[in-house]
Amino acid sequence: MMLWVFQQPVRIAGMDILKTVHVGSAMLSITGFVLRGAWMLQESPLLRARAARILPHVVDTVLLVSAIALALRSAQYPLVHAWLSAKVLALLAYIVLGSIALKYGRSRRVRLLSYGAALGVFLYIVGVAVTRSPVPGL
Ligand code: HEM
């Protein structure tokens, strides 16, 4: 049933809704991460606020579900298509680096380096997505 629903792009006002949800949740994810990173650098208590702890999980769940739905709809799969394997691996790296930056990093230096690396990995994922190549630019 789900496969049938997702076989054709559902468009509203010319926009592919599923892709819009995917790209939109990716933008929300990075916006929230940049904001929480700024709070981390300022040692702000806002980082521990309820919304700052819960909302990222909601956004990232939407991002991941839309990613899976897009993969099913376009019949392109991680471990089959190199660019999607690269995206999944890079997403894992983004999650690990992000949690070191915002939570587990022991020193400010480690947190700052992880924060920068996580931002770099995110840019790489966007590059992979747009070029559909694991090595964007080549
Ligand atoms: C932080 C994580 C992610 C970001 C920033 C991201 C970003 C994007 C962007 C910008 C596009 C649109 C590309 C274009 O049409 O020009 C896209 C498409 C797509 N993404 Fe992601 N993505 C992420 C995670 C994933 C993951 C983990 C998967 C793996 C299943 C995935 C699967 C797809 C697929 C299949 C498409 C293309 C659909 C099509 O051909 O129409 N994404 N992504």
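Since every read-out is calculated from the coordinates, none of them should be taken as a lab result. This one's a predicted model, so the numbers in the text were calculated from it and none came from an experiment. With ideal geometry, Cβ positions are generated from the backbone for all residues, glycine too; neighbour counts draw on all protein chains shown.
Sorting the segments 106-118, 18-30 by their mean number of nearby beta carbons within 10 angstrom, highest to lowest, gives 18-30, 106-118.
Can you give the log10 of the normalised intensity I(q)/I(0) at q = 0.14, 0.17 Å⁻¹, computed with Debye over equal Cα scatterers of the chain? Evaluating at q = 0.14, 0.17 Å⁻¹ gives log10 I(q)/I(0) of -0.71, -0.97.
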